[in-house]
Amino acid sequence: MTGDPEERIDPSNYYDRLGEGEWERLDESFKNGLEFENTTEYLDRYLPESGHVLDAGGAAGRYSIWLAERGYDVTLLDLSAKQVAIAKRQVAKRDLGERVTVQQGDIRGLPFPADEFDATLCLGGPLSHVIDADERDAAVRELYRVSRPDAPVFASVMGFVAVVQNLIKCAPQFEAGVRQLPELIETATYSPELAEKYEGENPSFVECHFFRADELRRLLERHEIAVETMAGLEGPASNFGANIEDIDADAQEKVAQAVRTLREDPTIADLSNHILAVGRVE
Ligand SMILES: C[S@@+](CC[C@H](N)C(=O)[O-])C[C@H]1O[C@@H](n2cnc3c(N)ncnc32)[C@H](O)[C@@H]1O
C-alpha cells in the first residue's frame, strides 16, 4: 500500500476497502456472533416498543436490518461511501426501503434536528475511530442532541485491555505489535504516526482509540447520557476466537452462557474486545 500515512488508516478509506467484509463480520465466526447476540439482547431489553432509531456508524446495515425487521423506522448514517452503498443494497434486497433510510455522514456533525430519534445506536466502534478526544466529545454531544429526552443510547467501542493482550498473544507472528506497546499504552491510540513508525506502508488496522470501560461511561455521562448498564460483548472469550471456533455447538453454547453470565462484571467488561454502554438521555 502506498500514499499518505494518514490516508492509509483513515476510517472511510479503510471501510471502503473492507467492502463486503464488514457486512460479513458479525456472522463470520462464533466469536463475532457473540458481539451481535449480546448487543441485540440489550437492544431488546432497552429499546422502546416502536419508533425512529438512528444507527450511527451503521456500516453495511446489520443492526438497521435487524431493527427494521422488528418494525422500527431506521436511519443509518456512515462515513464510508462503500458501506453506504452496500447497506442500500442489503435493505433493497429485503424490501425494507420504506423503513430504512441510508445516508453518508459523520457522527461529529449529524445532519438531523434535535430530539429526532427515539433511540440511538453507535455500535461496533465508530467512537473508537474518532481518535481526537475533543472530536469524540463532539460526537457524543451530537448523539445526545439528536436523541429525544429519555431515549436509550447504545454505544460500543474497542477495548484497551483486549488490544494490549492481543498484541502480546500475536507476538511471534507480529513483532511490530509488541514493539509499539509502550507508545500504544501511553496514548491508547493507534495513530497514523504509530502505524507509520512500526508498520510502514502496511498498517495492520484502521486508526483507533481503545477505551477503558470507565472512560466510556465518563464520556457519555459528561454529555448527560446516564449510563444504566455496561457489558463486555465477548467477555471471557475475548481474544480466544481461534480456540472456540471448531468446538461443537453444545460446547459453544457453554461459552456463550459464560459470556452472558459474566458480561456485566466490571472486570470482564473492561477486558472485552468490545465494550457496550447503554445509557439514557437525561
Ligand atoms: C466496525 S464498523 C461497525 C459497524 C456496525 N455499527 C456494527 O456494529 O457492526 C465501524 C463503522 O464506523 C464508521 N465510522 C467511522 N468513523 C465514523 C464517523 N466519524 N462518522 C460516521 N461513521 C464512522 C466506519 O465507516 C464503519 O462503517
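The values are calculated or read from the model by the stated rules, or taken from the named source; none is laboratory data. Since this is a predicted model, take the numbers as computed values, not measurements. Every residue, glycine among them, receives a Cβ derived from its backbone with ideal geometry; neighbour counts consider all protein chains shown.
Apart from one condition, Tyr198 fits all of (1) under 18 Å from Glu37 (Cβ atoms); (2) without any contact (Cβ under 8 Å) to a residue 24 or more places away in the chain; the exception is (1).
Based on what the data block shows, is Ala59 of a type in the set (A, V, I, L, M), in contact with a Gly (Cβ under 8 Å, 6 or more places away or on another chain) and touching a residue at least 24 places away in the same chain (Cβ under 8 Å)? Yes.
Residues in the range 139-151: is at least one farther than 24 Å from Tyr42 by Cα and in contact (Cβ under 8 Å) with a residue 24 or more places away in the chain? Checking the range 139-151: not a single residue is farther than 24 Å from Tyr42 by Cα and in contact (Cβ under 8 Å) with a residue 24 or more places away in the chain.
Taken over the range 87-112, the criterion of being in a loop (DSSP other than H, G, I, E, B) and acidic (Asp, Glu) is satisfied by Asp95, Glu98.
The single condition among (1) crowded, with 22+ Cβ neighbours inside 10 Å; (2) within 30 Å of Arg218 (Cα to Cα); (3) within 14 Å of the ligand (Cβ to nearest atom) that Phe112 does not satisfy is (1). The C-beta contact set for the range 98-119 (first residue of a type in the set (Gly, Ala, Ser), second residue in a strand (DSSP E or B) and within 13 Å of the ligand (Cβ to nearest atom), distance under 6 angstrom, 6+ apart or interchain) comprises Gly105/Leu77; Ala119/Val53.
I want to confirm something. Restricting to the range 115-127 and keeping residues that are near the ligand (Cβ under 9 Å from one of its atoms) and of a type in the set (Gly, Ala, Ser), which single residue is surrounded by the fewest Cβ atoms within 10 Å (Cβ to Cβ)? For the range 115-127, the residue satisfying everything is Gly125.
Across the range 83-99, the qualifying residues are those that are within 14 Å of the ligand (Cβ to nearest atom) and among the β-branched types (Val, Ile, Thr), and the one among them that is nearest to the chain's Cα centre (by Cα) is Val84. Contact map, the range 262-273: first residue farther than 17 Å from Phe210 by Cα, second residue in a helix (DSSP H, G or I) and β-branched (Val, Ile, Thr), Cβ cut-off under 8 Å, separation 6 or more or different chains; pairs are Leu262/Ile268. Of all residues in the range 54-74, those satisfying the criterion of being touching a Ser or Thr at 6+ places or on another chain (Cβ under 7 Å) and more than 9 Å from the ligand (Cβ to nearest atom) are Leu54, Trp66, Gly71, Tyr72, Val74. Being away from the ligand (no atom under 16 Å from the Cβ), more than 30 Å from His52 (Cβ to Cβ), more than 22 Å from the chain's Cα centre (by Cα) and hydrophobic (A, V, I, L, M, F, W, C) holds for only one residue in Leu181, Leu167, and it is Leu181.
When only residues in the range 18-39 that are away from the ligand (no atom under 11 Å from the Cβ) and not in a loop (DSSP other than H, G, I, E, B) count, which is nearest to Pro203 (Cα to Cα)? The extreme case among them is Glu20.
Filtered by the rule that a residue be of a type in the set (A, V, I, L, M), within 19 Å of the chain's Cα centre (by Cα) and in a helix (DSSP H, G or I), the range 241-281 gives Val259, Ile268, Ala269. None of Lys31, Lys82 is of a type in the set (D, E, K, R), farther than 25 Å from Ile275 by Cβ and surrounded by 19 or more Cβ atoms within 10 Å (Cβ to Cβ) except Lys82. The requirement of being at pLDDT 95 or above, touching a Leu at 6+ places or on another chain (Cβ under 9 Å) and away from the ligand (no atom under 12 Å from the Cβ) is fulfilled somewhere in the range 44-53, by at least one residue.
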